[in-house]
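Notes for the one structure printed next.
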Amino acid sequence: MPAKRKSIHGEWSSRLAFILAATGSAVGLGNIWRFPYVAGENGGGAFVLVYLLCVASVGIPVMMAEVMLGRRGRQSPVNTMYTLAEDERSSTHWQYLGVMGMVAGFLILSFYSVVAGWTMAYVFRVASGVFDGATAEQVSGAFTVFVSDPERLLGWHTIFMVMTIIVVSRGVKSGLEQAVRFLMPTLFVLLVAMVGYAMSTGHFSEALAYLFRPDFSRLTGDSILAALGQAFFSLSLGMGAIMIYGSYLSHTASIPRTAVIIAAMDTSVALLAGLAIFPIVFAHGLEPELGSGMVFKVLPIAFGQMPGGTLFGTLFFLLLVFAAWTSAISLLEPMVTWLVENRGMNRVMAAAWSGLAAWSLGVVSLLSLNVWSGYTLFGKSFIELVEFIATNVMLPLGGLLMAVFAAWVMSRESSQDELHLSGSTYRTWRVLARYVAPVAVAVILLTAIGIL
């Protein structure tokens, strides 16, 4: 049955192309922007340990499940879940799992584009030498002034969303596949170079201790929830992106091996980002709990003081833009494929309407940073609330339900056939997907909403 089902949207040219594209989806702002500041806000080493455990015991099994569902269905997440539910003689209400994933990706894209706009602005700021010799106070103040200007934020947000729409309208294979072959390895090399610079600050050992020496007294229910949410956010799980990318994967490619490689590359980038940033934080007497502006308050200090910092910093933020770009494309793709399949739109119209909707919601997010900063709901600004709901609730819940469907609703024959696993390896995945992942996610979600 799977061999007869083909995606109308095309197929990756090779397994390597899928690995690079899926890694491009996962490796982006979630690793370089979000991971260091979330780790800083949640106590460092204890958070990192829980994060790694979440990736290994929950993230990889769920990624295998999501890729498997995508490749078996070969359609948009909504239609894939509908079709697979019919195949397994289950309720077609499972299609709403695809809807939830698509909506989660849409919500994330709306504020993700705003933050990606910051990285675009900083390409030009660093290139102009504005941070040369700047102190920590000057860099932090410049960021505060920048975020308080809604017109400037709107301009960069619009440019980034238009860039995303253009690539998606051309098709993932022709645009994204070619770009990630160069951009992702280059970003990795630059991060290694940044770690090399961080080692010269004299505070590298302090950063190592902060990231890898757990202080369990700082571990709370909220930080555990944040670690799980970060694992899902950084791996692009539960939002339909990996599912739709899996639908373009050749039937002969190994899903387990591919999932492990993607998770390993993604986690490596997140840890490298932490090792690049925290030594600079400590060297300049800054607090690790700097929040979402950490990359924009810390890295410019290093670029302003290191030899060749202007050139190196410009390249870094430029490649960070491209890393964000590849992720944004994957967030927009599920909605575009659904519109193509269900509304008869061509890719250009589908990308334009989807992007416009995400851009509009993003405008509300950027205004909540300045003009509407006085308005909060449940103690959070609009952008913080959207990020919390999508990242800490919808993504884990979506991943939980994908694991339930893959391990409980799908027959053993179906999942075994798609994963190409047998014996103890298959049983290990099935135990993790059936029991460990759902229970872990359920407990943390119930804790988050105050039931446990």
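The values are calculated or read from the model by the stated rules, or taken from the named source; none is laboratory data. In this text, all values refer to a predicted model and were calculated from it rather than measured experimentally. Note that each Cβ is placed from the backbone with ideal geometry, even for glycine, and that neighbours are counted across all protein chains shown. Areas reflect the complete protein model, heavy atoms only, side chains present, ligands, DNA and RNA absent. Shrake-Rupley method; radii C 1.70, N 1.55, O 1.52, S 1.80 Å.
Consider Ala121 carefully, then state whether it is in contact with a Leu (Cβ under 9 Å, 6 or more places away or on another chain), closer than 22 Å to Val27 by Cα and modelled with pLDDT of 95 or more.
Numbers: in contact with a Leu (Cβ under 9 Å, 6 or more places away or on another chain): yes; closer than 22 Å to Val27 by Cα: yes; modelled with pLDDT of 95 or more: yes.
Yes, satisfied.
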Restricting to helices (runs of 4 or more DSSP H) lying wholly in segment 342-452: which have 2 or more residues that are open to solvent by 30 Å² or more (accessible area, probe 1.4 Å) and under 26 Å from Thr83 (Cα atoms)?
347-367, 395-404, 412-419, 423-431
Taking the condition outside any helix (DSSP H, G or I) and either under 29 Å from Glu177 (Cα atoms) or open to solvent by 10 Å² or more (accessible area, probe 1.4 Å) (or both), does Pro334 pass?
no
Would you mind finding the one in Leu69, Leu53 that is within 21 Å of the chain's Cα centre (by Cα) and open to solvent by 40 Å² or more (accessible area, probe 1.4 Å)?
Leu53
Can we say Glu137 is among the charged types (D, E, K, R), modelled with pLDDT of 95 or more and farther than 30 Å from Ser415 by Cβ?
no
Any residue in segment 423-441 that is of a type in the set (Lys, Arg) sitting within a Cβ distance under 6 Å of a residue that is surrounded by 15 or more Cβ atoms within 10 Å (Cβ to Cβ)? List the pairs, counting only those 6 or more apart or interchain.
Arg430/Ala407; Arg434/Ala407
Check segment 208-225 and report whether any residue there is in contact with a Lys or Arg (Cβ under 7 Å, 6 or more places away or on another chain) and either without any contact (Cβ under 8 Å) to a residue 12 or more places away in the chain or not in a helix (DSSP H, G or I) (or both).
no
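Residue check: is Glu151 assigned to a helix (DSSP H, G or I), out of contact with any Phe, Trp or Tyr (no Cβ under 9 Å at 6 or more places or on another chain) and among the charged types (D, E, K, R)?
On the way: assigned to a helix (DSSP H, G or I): yes; out of contact with any Phe, Trp or Tyr (no Cβ under 9 Å at 6 or more places or on another chain): yes; among the charged types (D, E, K, R): yes.
In short, yes.
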Could you list, ordered by first residue, the pairs with Cβ atoms under 8 Å in which the first is in segment 369-391 and aliphatic (A, V, I, L, M) and the second is at pLDDT below 85 and surrounded by fewer than 18 Cβ atoms within 10 Å (Cβ to Cβ), at least 6 apart or interchain?
Leu385/Phe378
Checklist (1) in a loop (DSSP other than H, G, I, E, B); (2) touching a residue at least 24 places away in the same chain (Cβ under 8 Å) applied to Ser327, failing item:
(1)
Can you pull out every residue in segment 170-203 that is assigned to a helix (DSSP H, G or I), open to solvent by less than 30 Å² (accessible area, probe 1.4 Å) and more than 17 Å from Phe312 (Cα to Cα)?
Val172, Gly175, Leu176, Glu177, Val180
Is it true that some residue in segment 278-289 is open to solvent by 30 Å² or more (accessible area, probe 1.4 Å), among the small types (Gly, Ala, Ser) and under 20 Å from the mean Cα position of the chain (by Cα)?
no
Name the residues in segment 229-268 that are assigned to a helix (DSSP H, G or I) and either basic (Lys, Arg) or open to solvent by 10 Å² or more (accessible area, probe 1.4 Å) (or both), would you?
Phe233, Pro256, Arg257, Val260, Ile261, Ala264, Met265, Thr267, Ser268
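When you check Ser327 against the structure, is it closer than 24 Å to Arg152 by Cβ and either hydrophobic (A, V, I, L, M, F, W, C) or open to solvent by 10 Å² or more (accessible area, probe 1.4 Å) (or both), yes or no?
Working: closer than 24 Å to Arg152 by Cβ: yes; either hydrophobic (A, V, I, L, M, F, W, C) or open to solvent by 10 Å² or more (accessible area, probe 1.4 Å) (or both): no.
Spelling it out, it is not the case that Ser327 is closer than 24 Å to Arg152 by Cβ and either hydrophobic (A, V, I, L, M, F, W, C) or open to solvent by 10 Å² or more (accessible area, probe 1.4 Å) (or both).
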